[in-house]
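Take a look at the structure set out below.
The values are calculated or read from the model by the stated rules, or taken from the named source; none is laboratory data. The structure displayed is predicted, hence computed values, not measured ones. Quick reminder, even Gly has a Cβ in these numbers, built from the backbone with ideal geometry, and neighbours come from all protein chains shown. Quick note on the areas: whole protein, heavy atoms, side chains included, nothing else; ligands and nucleic acids left out. Shrake-Rupley method; radii C 1.70, N 1.55, O 1.52, S 1.80 Å.
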Amino acid sequence: MSFENKIALVTGGSSGIGFGIARHLLDEGAKVVVTGRDIAKLDKAVQALGPNASGLVVDFTKKTDIDALYQTIQRDAGRFDLVVANAGAGTILPLGEITEQQVDQTLGANVKGVIFTVQGALPLMPSGGAIVIIGSTASMNPPAGMSVYGASKAAVRAMVRAWIQEIRGSGVRINVLSPGPVRTEGLDNFFPPEQADAAFASLAEQSMVGRIGVPQDIAHTVAFLASDAAAYINGVELFVDGGASQI
């Protein structure tokens, strides 16, 4: 599928899943704007992505940053054809240890940030545009210690079900793509080195295809959901996890 002459925004695109999505869309012909919070990391990512990529520093917990992002895009490009809301946050804390800071950070990035990402993007999107929100299988089956994160991702699903009704007739589709574990630098660093091999083996065993995901798995699915091949798919939460969430 081709994204020639298309303009895409990938939030949280300086590493991991977001970087993989941006690279795939570029390979398919799109021009891509990626965002990140760390300017050095973002600059390095844009350089690696090549001349059709550009970067903007944005903290998606701050509406003022999101508003400034869209003002810049409106001035420079005038539109988006695809928005991938990938920026997010989450930490592990069990009930009894949950803090106000954790709640504010997680809901700020994963709920507030998504709301204003979508709301701000819509006036810049033509009919035929697509929004793909990166969720998580934690929306259905959050592991112990990830109740706040799981709740934030379940909230995304609920919001999308309302939003597709509210923008009916706009020609813009909104879908949620919920990955299971994906092998990224962030996940590699999540486990203590002495536990990593066992943890990855356990995650692979949970998948019905015998492995955990890689960023390309998510990137290819984003491209499908954004393409004309998915023109009649709207408001779904698509689990991309090798079937682990289906058992």
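Structure above, values below:
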| read-out | value |
| --- | --- |
| One residue from 59, 65 being open to solvent by less than 60 Å² (accessible area, probe 1.4 Å), assigned to a helix (DSSP H, G or I), in contact with an Asp or Glu (Cβ under 8 Å, 6 or more places away or on another chain) and not hydrophobic (A, V, I, L, M, F, W, C) | 65 |
| Qualifying positions in the stretch 1-19 - within 11 Å of the chain's Cα centre (by Cα) and crowded, with 20+ Cβ neighbours inside 10 Å | 9, 10, 11, 12, 13, 17, 18, 19 |
| Sole exception among (1) open to solvent by 80 Å² or more (accessible area, probe 1.4 Å); (2) in contact with a His (Cβ under 8 Å, 6 or more places away or on another chain) for residue 223, by number | (1) |
| Those residues of the stretch 134-152 which are part of a helix (DSSP H, G or I), farther than 19 Å from residue 225 by Cα and either touching a Lys or Arg at 6+ places or on another chain (Cβ under 8 Å) or open to solvent by 10 Å² or more (accessible area, probe 1.4 Å) (or both), in sequence order | 138, 139, 147, 148, 149, 151 |
| Odd one out for residue 156, checked against (1) over 19 Å from residue 18 (Cα atoms); (2) without any contact (Cβ under 8 Å) to a residue 60 or more places away in the chain; (3) out of contact with any Pro (no Cβ under 6 Å at 6 or more places or on another chain) | (1) |
| Residue match in the stretch 74-87 (condition: within 17 Å of the chain's Cα centre (by Cα), buried (at least 22 other Cβ atoms within 10 Å of the Cβ) and more than 25 Å from residue 31 (Cα to Cα)) | no |
| Meets criteria (modelled with pLDDT of 95 or more and under 23 Å from residue 35 (Cβ atoms)) for residue 118 | yes |
| Complete set of residues in the stretch 88-107 that are in a helix (DSSP H, G or I) and open to solvent by 50 Å² or more (accessible area, probe 1.4 Å) | 100, 101, 104, 105, 107 |
| Residues of the stretch 226-241 that turn out to be open to solvent by 20 Å² or more (accessible area, probe 1.4 Å), over 11 Å from residue 160 (Cβ atoms) and of a type outside the set (D, E, K, R), as a count | 7 |
| Residues satisfying the stated conditions in the stretch 153-189, i.e. among the small types (Gly, Ala, Ser) and either part of a helix (DSSP H, G or I) or closer than 19 Å to residue 206 by Cα (or both) | 154, 155, 158, 162, 178, 180, 186 |
| Any hit, the stretch 112-121, residues being polar (S, T, N, Q), surrounded by 18 or more Cβ atoms within 10 Å (Cβ to Cβ) and not in a loop (DSSP other than H, G, I, E, B) | yes |
| Which listed residue is out of contact with any Phe, Trp or Tyr (no Cβ under 8 Å at 6 or more places or on another chain), under 17 Å from residue 114 (Cα atoms) and not polar (S, T, N, Q), from 131, 174, 247, 218 | 131 |
| Subset of the stretch 190-220 [under 23 Å from residue 26 (Cβ atoms), open to solvent by less than 80 Å² (accessible area, probe 1.4 Å) and either of a type in the set (Phe, Trp, Tyr) or not in a loop (DSSP other than H, G, I, E, B) (or both)] | 213, 215, 217, 218, 219 |
| Residue tally, condition under 16 Å from residue 120 (Cα atoms) and touching a strand residue (DSSP E or B) at 6+ places or on another chain (Cβ under 6 Å), over the stretch 157-175 | 5 |
